[in-house]
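Here the structure comes first, spelled out in structure tokens, and everything after it is commentary.
The values are calculated or read from the model by the stated rules, or taken from the named source; none is laboratory data. Model, not experiment: these values are computed from the prediction. All Cβ positions, even for glycine, are placed from backbone atoms using ideal geometry, and neighbour counts span all protein chains on display. Each accessible area value is taken on the protein alone, full model and side chains, heavy atoms only, with ligands, DNA and RNA left out. Shrake-Rupley method; radii C 1.70, N 1.55, O 1.52, S 1.80 Å.
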Amino acid sequence: MADAFSQFDTKSLLWSKHILFLGDSNIRAQYKDMVWLLNSNTLIQYSKLKSRLEESYLGDKLIQGSKLHRGRNFQEVRRYIDANNKTTLDFMFISRCYNSHIEELFCSIGDGTRSAPNVIVINSCLWDINRWGPNGVPEYKDNMVRLMRLMSRNLPKDCLVIWTTALPIAPHVQGGLIIKQIEFMEPLLRFEVMEANTFARELVVSHGFDVLDNHYHTRMQMHRRAKDGIHYLPIPVRLMTNLLLTHIALSWGIELPGNIRSVLLDKAIAMDCKPSRQTPLKVPNYKILSQFNKHSPTRQNTRGLKITFETSEDKCTSRVCSYSQEGLEQLDSKRKYVYPSQKARYQQISEGCSGISQNSQSTSQREQLLNRETQTRPEHSVGPFRRNKRKRSKRKNPYYSKYNHRY
């Protein structure tokens with residue numbers, strides 16, 4: 001849920017702020033709608049959203065641009081400066097989440113040769129998984145990890161980074177994204193977008209950055225999608241602009257305009273919506289299930305092994321399952337699981353263990369239980385042959401005499 005921002009509300013929120021947009025044509029639509037909202041209270045025209053590589057759009061400048069083509073080296077860099085409001089909006093078209101231009105941009109911010117923006121709105125998905133060959137998906141995952149490490153190393157903590165998920169697309173798409181060589185990928189493209197959004201969301205949050213799920217908020221706006229099946233009409237674009245402004249206002253602790261009242265907005269205001277990088281991570285405290293001693297509980301289905309759990313002092317260690325027999329601790333490769341901050345150990349049961357009473361089982365049963373591991377069988381045997389012991393019905397089959405005559 002988002003609040004409705006007017007021209008006055010947008011200018012007051014973005015006063016003396018610098019916002020950088022990095023992404024494809026859908027991010028460019030958000031950039032153009034933001035520039036339009038800073039100049040007018042009306043909806044942007046759809047023809048303005050479709051246009052690209054224009055020399056000037058409502059006073060902005062085309063800093064760098066190539067010829068209009070469908071290649072992967074397409075470039076478009078724009079800048080809008082509002083001198084009265086001291087607001088700067090930058091847009092850079094990228095066809096890959098990590099390339100030489102992105103590396104140069106963030107390294108210059110880390111070196112101090114370029115000032116860091118207050119907000120970075122970034123998304124890259126469709127071009128990465130479709131236009132970079134058959135290894136586009138694994139390379140997209142590797143590039144995402146490299147991008148998160150690059151931003152964590154060079155950006156200051158007061159810089160608000162917002163990763164926006166890719167928008168839902170139609171089963172059959174058109175436009176500059178799909179070329180003749182990859183037309184067979186159209187039916188599966190919408191599902192790959194959802195999987196890429198899931199991977200990117202988990203990765204971005206793990207590095208302490210914010211995620212704005214535009215895919216979730218626009219799932220009910222697909223009837224307002226353009227004919228090409230990728231881009232959207234002005235109404236859902238304005239919805240994404242209001243979602244972005246609401247997220248920025250809540251992250252900075254600024255009061256919302258209050259033009260829309262809802263329960264979800266009241267809950268969002270009541271929450272502590274600080275940027276993720278400024279919020280300390282809370283490590284969960286794991287309780288000790290049982291101490292490693294002689295009186296730990298024992299079950300019969302463990303084949304004579306005593307299962308205990310213990311927690312180490314280091315909360316970042318992994319859980320290793322092992323068993324101890326005759327004082328020698330060995331690693332069980334069949335039960336090698338990884339769990340956070342716990343260890344499972346197995347110990348051979350002694351005859352005097354209090355976990356099983358001596359009266360509960362006879363001596364022969366206990367010996368059979370302890371010696372079950374030593375019992376061997378031929379390699380070719382799979383198991384004991386068991387006949388079907390179901391009780392046969394005593395009723396006569398009426399079809400038996402019909403098809404099985406005795407001569």
*Condition check for residue 158: modelled with pLDDT under 95 and under 22 Å from the mean Cα position of the chain (by Cα)*: no
_With the structure loaded, tell me whether residue 307 is among the aliphatic types (A, V, I, L, M), at pLDDT below 60 and either under 30 Å from residue 174 (Cα atoms) or open to solvent by less than 100 Å² (accessible area, probe 1.4 Å) (or both) or whether it fails that test._
yes
*Which residue, of 250, 239, 212, is buried (at least 17 other Cβ atoms within 10 Å of the Cβ), under 24 Å from the mean Cα position of the chain (by Cα) and closer than 22 Å to residue 127 by Cα?*
212
*Considering only the range 9-61, how many residues are assigned to a loop (DSSP other than H, G, I, E, B), in contact (Cβ under 8 Å) with a residue 40 or more places away in the chain and within 19 Å of residue 84 (Cα to Cα)?*
4
*Hey, does the range 127-136 have a residue that's of a type in the set (A, V, I, L, M, F, W, C), without any contact (Cβ under 8 Å) to a residue 60 or more places away in the chain and touching a helix residue (DSSP H, G or I) at 6+ places or on another chain (Cβ under 9 Å)?*
no
*With (1) over 22 Å from residue 25 (Cα atoms); (2) small (Gly, Ala, Ser); (3) surrounded by fewer than 16 Cβ atoms within 10 Å (Cβ to Cβ) as the list, and residue 116 as the residue in question, which single condition is left unmet?*
(3)
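Checking the condition at pLDDT 90 or above, closer than 20 Å to residue 32 by Cα and open to solvent by 50 Å² or more (accessible area, probe 1.4 Å), which residue from 167, 233 passes?
Just a single option satisfies the conditions, and that option is 233.
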*Assuming residue 146 fulfils every condition listed in (1) open to solvent by less than 40 Å² (accessible area, probe 1.4 Å); (2) more than 18 Å from residue 247 (Cβ to Cβ) apart from one, which condition is it?*
(1)
*For the range 31-55, enumerate the residues that are open to solvent by less than 10 Å² (accessible area, probe 1.4 Å) and of a type outside the set (Phe, Trp, Tyr).*
32, 33, 34, 35, 37, 38, 44
_Selection status of residue 194, open to solvent by 40 Å² or more (accessible area, probe 1.4 Å), not basic (Lys, Arg) and not in a helix (DSSP H, G or I)_ = no
_It is to be established whether one or more residues within the range 223-234 are under 24 Å from the mean Cα position of the chain (by Cα) and assigned to a helix (DSSP H, G or I)._
no
*Among the residues of the range 173-208, which ones are under 22 Å from residue 149 (Cβ atoms) and of a type in the set (Lys, Arg)?*
201
